[in-house]
1. Mind giving me the nanometre distance, one decimal, between the label points for Asp49 and Tyr117, set 7 Å out from Cα along Cα→Cβ?
2. Could you give the alpha-carbon Rg of the chain over 2.2 N^0.38 Å, rounded to two decimals?
3. Along region 109-115, what does the Karplus equation 6.51 cos²θ - 1.76 cosθ + 1.60 (θ = phi - 60°) give for ³J(HN,Hα), rounded to whole Hz, x for Gly and Pro?
4. Enter the angle in degrees (range 0 to 90, nearest 10) between the Cα long axis of helix 67-80 and the first principal axis of the Cα atoms of the chain, meaning the one along which they spread out most.
Amino acid sequence: MLEKLLILALFAQVLLTFCVMFIMGRRRFAAARAKEIHLEQFSTMDLKDASESVQVAGRNFINQFEIPVLFFVASLVALITNNLGYLLVTLAWLFVVSRVIHTVIHLSSNHLYSRYYSFLAGCIIVLIMWITLVWRLF
């Protein structure tokens, strides 16, 4: 059962990434239709002239492949080594929740302190996941 709960957390993070990709695409196409950016700019992805909302969505999408990579690897290590427990699964879900909160803040109000603390919470959670894994393995 714990394996399934962990895989669902992984899937939730994947879904979040695809949601951000969809939002990013909608914002970029809307900006192109409004002539804020030109289609030629997509060939080099030089979107520095795009609105803040377009740039923020792009940065958030990139961010989905930074710290979450450490989450995915920790989760896979836990699955491969059969090193699951309620703590690890709870931490996995807390990480996903922190990423959803971070993304909602980033793509809406972009309030710096709230965004920072939600990002920091996710980083600490992943660090605790890794410490827990290493502690249990050795």
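1. 4.0
2. Values: Rg = 17.4 Å, N = 138, 2.2 N^0.38 = 14.3 Å.
That works out to 1.22 for the chain.
3. Karplus-based 3J(HN,Hα) across region 109-115 equals 5, 6, 5, 4, 5, 5, 5 Hz.
4. Between helix and principal axis, roughly 30 degrees.
Every read-out reported here was derived from the displayed coordinates using simple, explicitly stated rules and does not represent laboratory data. From a predicted model like this one, the values you see are computed outputs, not experimental measurements. All Cβ positions, even for glycine, are placed from backbone atoms using ideal geometry, and neighbour counts span all protein chains on display.
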